[in-house]
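Undergrad: Submitted below is the structure of interest, expressed as structure tokens.
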Amino acid sequence: MNLLPDTYHIQQTFSGYCRTGEKVSLPGVAPDRLKHYRRLVFNMINDTMENAFPIAFKHIPTGKWNKMVKDFFAHHACRSYQVWKLPLEFYTYAVENNWEENYALPFLNDLLAFEWAEMEVYNMEDIPAQPFTAAGNWLDTPLVLNPEHQLLSFTYPVHLVAKPKELLRQKGVYFVLLFRDPETGNVEFMDLSPWLAFLTEQLVMGITVRDILDYAPQLNITDTDTLEKDTLAFLQHMQQQHFVLGFQS
Amino acid sequence: MVGLGFRREFAEEMISGEHIRPDFIEFAPENWMNIGGYWKKVLHRVVEKYPVLCHGLSLSIGSPEEPDKEFLQYVKTFLQEYNVQIYSEHLSYSKCDNAHMYDLLPIPFRMDAVKHIAGRIQQVQDFLQRPLVMEIVSYYTPVAAEMSEVDFINEVVKQSGCQLLLDVNNIYVNAFNHQYDAKAFIQQLPLDKVAYIHMAGHEQVAPDLIIDTHGEPIIDPVYDLFEWTIQHLRPVPVLLERDFNIPEMEALQGELTRLKTICHKQWKLKDELVA
Ligand SMILES: [Fe+2]
């Protein structure tokens, strides 16, 4: 490196100011001009987070939200060279720094995870699907699923409810399937029962519906007649939604 | 050739070409690398229709730390995949202490910074196997300068062998903000190294300060400076940047047409084809 320590230090001080907004003194710099850098840089970060987490932004009190974004940008070195991936770093920072507890927002991790997942599934690189055929046996032929999906589990129904009070009241166990429609590119999401989440997980691994159903009693699911009918109805519905693509060929 | 910065807000209009018809498009590889789904399809449609130039955001040539090799590899692959003719970047830094800032921070105009940057430009050019075209950025305050801006730029070009992106609006903005003569400044640049021109609008936020927003139409004095400038240049591609406050396509086409008319008049040549 050809940079002298003094120049290096000046660059660090300048960028440090952009990150924190805390007063610095730099040779030859007009303070009333400097403040525009902080404004422009911070607005960009703020806008990125507002756009990535619209539900969180709307339902978290403004004071808390502003403190979060400021804390994040000042203390976290943003690693992503693609700004659209920065919200993942924000979410990760929230988890690592225990914001759920510190800001008394128990549903925060779930909400940020859900909003980030929507964005990630929407933008992620194309994943080629396995070859499949349109005809097959629903019970005995392994199914081919749309690989562009994520299965998430939450303690709070952040995918169904937005108001914080409601979220807290409905604490429980929730599963959400997000997938990208191969035709429109839109992200669809669906609330799943624990059984359907288990089913989806097993189908991804190439297990047949019959083998998964055989496992049901071990999950304390007894009403097997209806279960088979309901499960097949769900899968056929998911075929129309472009999540089940077809049958392994 | 007069092109337009490609943006998602008017992607469909550009693909249809009904109300807006640039000669080429430009976009930041960072905004389009490693994405799939809907926008990847859009990208494929638009690159089928127009030649592509790329204007990077995250290289941060003025960073103290080493260039990000993984990032450069992605850029290299992307430029090859989309047959990109020019890869330009900014003579600034946007990353320090390994933290991205997503904005263009001014580099101290100092000789050690020149040496540092020249070395980095060469490193990147070697890696990408193509020349870098470096944009003179707008800035709102000098930082610990030990030499003039124009000397700084000349030294960087001389020591690195890079080419220049002359953003005429940036020069106008800088001349206004730092009270110097834009034409005198341009005359002192190594104009034979200019490979690309940017044009844009800006916003005056105080009696003595203009912010380079890309959110307004180009103003007449910037057109005048452009017309004067290109008389001193060989024909190069010219790009209109519009990033915010997007108007009707007819208005943008009007700006493209006006730029084109000036180019035809002054360069007395048919469009130089880059693609
Ligand atoms: Fe520019």
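The values are calculated or read from the model by the stated rules, or taken from the named source; none is laboratory data. Everything quoted here is computed from the prediction, not taken from an experiment. Glycine gets a Cβ as well: all are built from the backbone with ideal geometry, and neighbour counts include every protein chain shown. Surface accessibility is based on the protein's heavy atoms, side chains included, excluding ligands, DNA and RNA. Shrake-Rupley method; radii C 1.70, N 1.55, O 1.52, S 1.80 Å.
Undergrad: Taking the options B:GLU89, B:GLU66, name whichever one is crowded, with 17+ Cβ neighbours inside 10 Å and closer than 25 Å to A:LEU86 by Cα.
TA: Numbers: B:GLU66 fails: crowded, with 17+ Cβ neighbours inside 10 Å.
The unique qualifying residue is B:GLU89.
Undergrad: Out of all the residues in the range B:39-63, which are over 30 Å from A:HIS149 (Cβ atoms) and surrounded by fewer than 17 Cβ atoms within 10 Å (Cβ to Cβ)? Outline the logic, then answer.
TA: The first filter runs over the range B:39-63 and keeps only residues over 30 Å from A:HIS149 (Cβ atoms), leaving B:49-57, B:59-63.
Listed by number, the list holds a single entry, B:LYS49.
Undergrad: Report yes if some residue within the range A:33-47 is more than 11 Å from chain B (Cβ to nearest Cβ), of a type outside the set (Phe, Trp, Tyr) and either within 28 Å of the chain's Cα centre (by Cα) or surrounded by fewer than 20 Cβ atoms within 10 Å (Cβ to Cβ) (or both); otherwise report no.
TA: First, the residues of the range A:33-47 that are more than 11 Å from chain B (Cβ to nearest Cβ): A:46.
Adding the requirement that they be of a type outside the set (Phe, Trp, Tyr) leaves A:46.
Those still in the list that are either within 28 Å of the chain's Cα centre (by Cα) or surrounded by fewer than 20 Cβ atoms within 10 Å (Cβ to Cβ) (or both) too: A:46.
Within the range A:33-47, one or more residues are more than 11 Å from chain B (Cβ to nearest Cβ), of a type outside the set (Phe, Trp, Tyr) and either within 28 Å of the chain's Cα centre (by Cα) or surrounded by fewer than 20 Cβ atoms within 10 Å (Cβ to Cβ) (or both).
Undergrad: Oh, and also: Report yes if A:TYR81 is touching a His at 6+ places or on another chain (Cβ under 8 Å) and at the interface with another protein chain (Cβ under 8 Å from one of its Cβ atoms), otherwise no.
TA: Details: touching a His at 6+ places or on another chain (Cβ under 8 Å): yes; at the interface with another protein chain (Cβ under 8 Å from one of its Cβ atoms): yes.
Spelling it out, A:TYR81 is indeed touching a His at 6+ places or on another chain (Cβ under 8 Å) and at the interface with another protein chain (Cβ under 8 Å from one of its Cβ atoms).
Undergrad: Of the residues that make up the range B:185-197, is at least one over 25 Å from B:PRO247 (Cβ atoms), buried (at least 20 other Cβ atoms within 10 Å of the Cβ) and β-branched (Val, Ile, Thr)?
TA: Yes, the conditions are met somewhere in the range B:185-197.
Undergrad: Also, quick follow-up: Kindly evaluate B:ILE136 against the criterion of being under 25 Å from B:LEU240 (Cβ atoms) and of a type outside the set (Phe, Trp, Tyr).
TA: Answer is yes for this residue.
Undergrad: Another one. So which of A:ASP191, A:ASP225 is over 30 Å from B:LYS40 (Cα atoms) and either open to solvent by less than 80 Å² (accessible area, probe 1.4 Å) or not assigned by TED's automatic domain parsing to the domain that holds A:LYS58 (or both)?
TA: Working: A:ASP191 fails: over 30 Å from B:LYS40 (Cα atoms).
Checking each option against the conditions leaves just A:ASP225.
Undergrad: Specify which of the listed residues (B:ARG120, B:ARG130) is basic (Lys, Arg) and closer than 18 Å to B:ILE86 by Cβ. Steps first, answer last, please.
TA: Values: B:ARG120 fails: closer than 18 Å to B:ILE86 by Cβ.
Being basic (Lys, Arg) and closer than 18 Å to B:ILE86 by Cβ holds for just one of B:ARG120, B:ARG130, which is B:ARG130.
Undergrad: If you take the residues of the range B:18-33 that are touching a residue at least 60 places away in the same chain (Cβ under 8 Å) and buried (at least 17 other Cβ atoms within 10 Å of the Cβ), which of them is farthest from the other protein chains (Cβ to nearest Cβ)?
TA: Residue satisfying both the conditions and the ranking: B:ASP23.
Undergrad: I've got another one for you. Which residues, counting only those in the range A:122-138, are open to solvent by less than 50 Å² (accessible area, probe 1.4 Å) and aromatic (Phe, Trp, Tyr)? Reasoning before the result, please.
TA: As a first pass, look at the range A:122-138 and keep what is open to solvent by less than 50 Å² (accessible area, probe 1.4 Å): A:123-124, A:129, A:136, A:138.
If the condition is that a residue be open to solvent by less than 50 Å² (accessible area, probe 1.4 Å) and aromatic (Phe, Trp, Tyr), then A:TRP138 is the only one that fits.
Undergrad: While we're here: Can you find a residue that is in contact (Cβ under 8 Å) with a residue 12 or more places away in the chain and of a type in the set (Val, Ile, Thr) anywhere in the range A:161-169? Full working, then the answer.
TA: Going through the range A:161-169, the residues in contact (Cβ under 8 Å) with a residue 12 or more places away in the chain turn out to be A:162-164, A:167-168.
Applying the additional criterion that residues be of a type in the set (Val, Ile, Thr) yields none.
The answer is no; no qualifying residue exists.
Undergrad: Report yes if B:PRO142 is over 14 Å from B:CYS162 (Cα atoms), within 16 Å of the ligand (Cβ to nearest atom) and of a type outside the set (Lys, Arg), otherwise no. Step through it out loud before you land on a result.
TA: Details: over 14 Å from B:CYS162 (Cα atoms): yes; within 16 Å of the ligand (Cβ to nearest atom): no; of a type outside the set (Lys, Arg): yes.
Against the criterion (over 14 Å from B:CYS162 (Cα atoms), within 16 Å of the ligand (Cβ to nearest atom) and of a type outside the set (Lys, Arg)), B:PRO142 does not qualify.
Undergrad: Also, I was wondering about something else. What do you reckon, is A:PHE198 among the aromatic types (Phe, Trp, Tyr), away from chain B (no Cβ under 14 Å), open to solvent by 20 Å² or more (accessible area, probe 1.4 Å) and not in a helix (DSSP H, G or I)? Full working, then the answer.
TA: Numbers: among the aromatic types (Phe, Trp, Tyr): yes; away from chain B (no Cβ under 14 Å): yes; open to solvent by 20 Å² or more (accessible area, probe 1.4 Å): yes; not in a helix (DSSP H, G or I): no.
In short, no.
Undergrad: How about the range B:94-111: which of its residues are within 7 Å of chain A (Cβ to nearest Cβ), more than 12 Å from A:ALA77 (Cα to Cα) and open to solvent by less than 10 Å² (accessible area, probe 1.4 Å)?
TA: Answer for the range B:94-111, where residues must be within 7 Å of chain A (Cβ to nearest Cβ), more than 12 Å from A:ALA77 (Cα to Cα) and open to solvent by less than 10 Å² (accessible area, probe 1.4 Å): B:LEU105, B:PRO108.
Undergrad: Another question, if that's okay. Going by the conditions given, is A:PHE14 more than 11 Å from chain B (Cβ to nearest Cβ) and either under 22 Å from A:PRO157 (Cα atoms) or surrounded by 16 or more Cβ atoms within 10 Å (Cβ to Cβ) (or both)?
TA: Numbers: more than 11 Å from chain B (Cβ to nearest Cβ): no; either under 22 Å from A:PRO157 (Cα atoms) or surrounded by 16 or more Cβ atoms within 10 Å (Cβ to Cβ) (or both): yes.
No.
Quick grid of which residues meet (1) surrounded by fewer than 17 Cβ atoms within 10 Å (Cβ to Cβ); (2) acidic (Asp, Glu); (3) closer than 20 Å to B:LEU53 by Cβ; (4) in contact with a His (Cβ under 9 Å, 6 or more places away or on another chain):
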| residue | (1), (2), (3), (4) |
| --- | --- |
| B:ASP208 | yes, yes, no, no |
| B:THR229 | no, no, yes, no |
| B:ARG234 | yes, no, yes, no |
| B:LEU240 | no, no, yes, yes |
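Undergrad: Determine, yes or no, whether B:GLN159 is assigned to a strand (DSSP E or B) and either acidic (Asp, Glu) or away from the ligand (no atom under 15 Å from the Cβ) (or both). If you could, list the steps in order and put the result at the bottom.
TA: On the way: assigned to a strand (DSSP E or B): no; either acidic (Asp, Glu) or away from the ligand (no atom under 15 Å from the Cβ) (or both): yes.
Here the answer is no, as B:GLN159 does not meet what is asked.
Undergrad: A further question on this structure: Out of B:GLN85, B:GLN80, I need the residue that is farther than 22 Å from A:LEU4 by Cβ and modelled with pLDDT of 95 or more. Which one? Give the derivation first.
TA: Values: B:GLN85 fails: modelled with pLDDT of 95 or more.
One residue alone meets the criteria, B:GLN80.
Undergrad: Among (1) open to solvent by 10 Å² or more (accessible area, probe 1.4 Å); (2) over 30 Å from A:ASP6 (Cβ atoms); (3) facing another protein chain (nearest Cβ under 9 Å), there is one condition B:GLY36 misses while meeting the rest; what is its number?
TA: Looking at each condition in turn, B:GLY36 falls short on (1).
Undergrad: Filter the strands (runs of 3 or more DSSP E) completely within the range B:171-255 down to those with at least 3 residues that are at negative phi and away from the ligand (no atom under 15 Å from the Cβ).
TA: Working: elements: B:194-200, B:203-206, B:209-211, B:238-241.
Qualifying strands (runs of 3 or more DSSP E): B:203-206.
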